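Trainee: Have a look at this one.
The values are calculated or read from the model by the stated rules, or taken from the named source; none is laboratory data. This one's a predicted model, so the numbers in the text were calculated from it and none came from an experiment. Note that we place each Cβ from the backbone using ideal geometry, even for glycine, and neighbour counts take in every protein chain shown. For the accessible areas, the whole protein counts, side chains as well, though only heavy atoms, and no ligand, DNA or RNA atoms are used. Shrake-Rupley method; radii C 1.70, N 1.55, O 1.52, S 1.80 Å.
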Amino acid sequence: MQETKDHVITYRGEVVENHHQVHAAVTDATGKLLYAVGDPTRITLARSAAKPAQALAILETGGFEQCGFNDADLALMCASHNSEDKHISRVRAMLAKVPATETDLRCGGHPALSETVSRNWIKRDYTPTGICNNCSGKHAGMLAGSKAIGADLEGYHLPAHPMQVRVKHVVEELCGLDEDKVKWSIDGCNLPVPAFPLKYMAKIYATIATALDETERNPNASERTKAMVRIFRAMADHPDLVGGEGRFCTVLMEAFQGDLIGKIGADGCYGIGICASEQTRQLGADGAIGIAVKIEDGNIGILYSAVAEILEQLRIGTADMRNKLASFHEPQVFNTAGAVTGGTSNSFSIRAVG
């Protein structure tokens, strides 16, 4: 079977069917590049992997406290959720606290990310609306932030709206990049989304994970540092709200029991923040690390396989923790009769940089 550097391959029998190019960056919170696969500087749209940074901008408006949101609500603000009943009911409760209504949401509806939920909707002849959107928690948070800064709820999703201007500044500050170095597009949920070299997404996640160490060392840590700790803990403590039943984000964070956070972005990107440990120090970091991954062709299943492989190669966590990702790591290929016809192979090695 042909081996191809920096790719994940899928095969049927002895025939390689597809090559999926992998790009990855591993950095510390200073942005120092420690390890890479492919091109760690590839300009990458963060998509929903930007949600922790967007949530930070919302927290800094004071809207979170004004609306009486809790950490479970914060986890949902960072989520690409399954649209399970618990997700939708929580968004409804968040809107009531703003107060706002579903008609204020500008995300639109779509089929659920959960096949089980989508099938149920089809049986009921149910048409999903904006509150069912996997990003509805983030949009409810944006409405709360807009109200807190005295901005109109109308148009909260537009790039020039004061809430989105705040998001823009927070992302630039976390990256440590000038305004002209971060590009912006419109995401699938209708909000602005940043693009930057992949290694800066890793830096954002490393910075969020590093905040935990900073607050332990310094009780007078900055309000931003404390807010990042709250985001990390909300996601790690409520992984079922960040994704849902069977979702990789949820399985990953449950498996690693508070040692990391992970977040999917559409079209094949992923961000992970890993707390400082002896393992991160052995990788050359002074503290926490961040990992950012992009699959060139946007394949989500291949993304999960690559992320699991990178965690394996870096020896993050215990073997038991990593084994809980086995169903995502190198999945088999089945045909419609249920017969195994092929599989997945990670044909890349993460390389040390510097």
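Trainee: List pairs: first in the stretch 12-36 and under 16 Å from Pro197 (Cα atoms) and at pLDDT 95 or above, second of a type in the set (Asp, Glu) and open to solvent by less than 40 Å² (accessible area, probe 1.4 Å), Cβ under 6 Å, 6+ apart or cross-chain?
Mentor: Val22/Asp6
Trainee: Hey, another quick one. Of a type outside the set (Val, Ile, Thr) and touching a residue at least 12 places away in the same chain (Cβ under 8 Å): is that true of Ser48 in this structure?
Mentor: For Ser48, the condition - of a type outside the set (Val, Ile, Thr) and touching a residue at least 12 places away in the same chain (Cβ under 8 Å) - is met.
Trainee: Something else: Working carefully through the options Lys183, Lys199, Lys226, Lys203, find the one that is surrounded by 18 or more Cβ atoms within 10 Å (Cβ to Cβ), more than 14 Å from the chain's Cα centre (by Cα) and among the basic types (Lys, Arg).
Mentor: When all the criteria are applied, what remains is Lys199.
Trainee: Just wondering, is there one or more residues in the stretch 256-266 that are assigned to a helix (DSSP H, G or I), over 30 Å from Gly13 (Cβ atoms) and open to solvent by less than 20 Å² (accessible area, probe 1.4 Å)?
Mentor: Looking for residues that are assigned to a helix (DSSP H, G or I), over 30 Å from Gly13 (Cβ atoms) and open to solvent by less than 20 Å² (accessible area, probe 1.4 Å), one finds at least one in the stretch 256-266, hence yes.
Trainee: Here is a check on your reading of the model: is Ser327 polar (S, T, N, Q) and assigned to a loop (DSSP other than H, G, I, E, B)?
Mentor: No.
Trainee: Considering the stretch 320-351 alone, what residues qualify as being charged (D, E, K, R) and open to solvent by less than 60 Å² (accessible area, probe 1.4 Å)?
Mentor: Residue satisfying the conditions is Arg322 alone.
Trainee: Counting only residues that are without any contact (Cβ under 8 Å) to a residue 60 or more places away in the chain, closer than 20 Å to Ala209 by Cβ and among the acidic types (Asp, Glu), how many does the stretch 282-320 have?
Mentor: 1
Each row is one residue, and each column tells you yes or no for (1) more than 19 Å from the chain's Cα centre (by Cα); (2) over 15 Å from Thr207 (Cβ atoms).
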residue	(1), (2)
Ile9	yes, yes
His19	yes, yes
His23	no, yes
Val26	no, no
Ala29	no, no
Arg42	no, yes
Ala46	no, no
Ala53	no, no
Ile58	no, yes
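Trainee: A further question on this structure: Please specify each residue of the stretch 133-150 satisfying the condition of being crowded, with 24+ Cβ neighbours inside 10 Å and among the hydrophobic types (A, V, I, L, M, F, W, C).
Mentor: Cys135, Ala140, Met142, Leu143, Ala144
Trainee: Kindly evaluate Gly317 against the criterion of being modelled with pLDDT of 95 or more, surrounded by fewer than 17 Cβ atoms within 10 Å (Cβ to Cβ) and at positive phi.
Mentor: Answer is no for this residue.
Trainee: Kindly evaluate Glu216 against the criterion of being surrounded by fewer than 16 Cβ atoms within 10 Å (Cβ to Cβ) and either at pLDDT 95 or above or not in a helix (DSSP H, G or I) (or both).
Mentor: Spelling it out, it is not the case that Glu216 is surrounded by fewer than 16 Cβ atoms within 10 Å (Cβ to Cβ) and either at pLDDT 95 or above or not in a helix (DSSP H, G or I) (or both).
Trainee: Still on this model: So is Asp240 more than 19 Å from Ala209 (Cα to Cα) and at pLDDT 95 or above or not?
Mentor: yes
Trainee: Can you tell me which residue within the stretch 118-132, out of those that are open to solvent by 70 Å² or more (accessible area, probe 1.4 Å) and outside any helix (DSSP H, G or I), is nearest to Gln54 (Cα to Cα)?
Mentor: Per the criteria, the residue is Thr127.
Trainee: Further, regarding this structure: Run down Thr280, Thr250 and say which single residue is among the hydroxyl-bearing types (Ser, Thr, Tyr), within 16 Å of Pro52 (Cβ to Cβ) and not in a strand (DSSP E or B).
Mentor: When all the criteria are applied, what remains is Thr250.
Trainee: Also, I was wondering about something else. Only one of (1) surrounded by 19 or more Cβ atoms within 10 Å (Cβ to Cβ); (2) polar (S, T, N, Q); (3) within 23 Å of Arg247 (Cα to Cα) is not met by Thr61, so which one is it?
Mentor: Going through the list (1) surrounded by 19 or more Cβ atoms within 10 Å (Cβ to Cβ); (2) polar (S, T, N, Q); (3) within 23 Å of Arg247 (Cα to Cα), Thr61 breaks only (3).
Trainee: Being over 26 Å from Ala227 (Cβ atoms), small (Gly, Ala, Ser) and open to solvent by 20 Å² or more (accessible area, probe 1.4 Å) is the filter here; which residues of the stretch 90-117 pass it?
Mentor: Gly108, Gly109
Trainee: Also, I was wondering about something else. Is one or more of the residues making up the stretch 157-179 at positive phi and either modelled with pLDDT of 95 or more or among the β-branched types (Val, Ile, Thr) (or both)?
Mentor: yes
Trainee: Out of the residues in the stretch 267-287 that are under 17 Å from the mean Cα position of the chain (by Cα) and not β-branched (Val, Ile, Thr), which is surrounded by the fewest Cβ atoms within 10 Å (Cβ to Cβ)?
Mentor: Asp267
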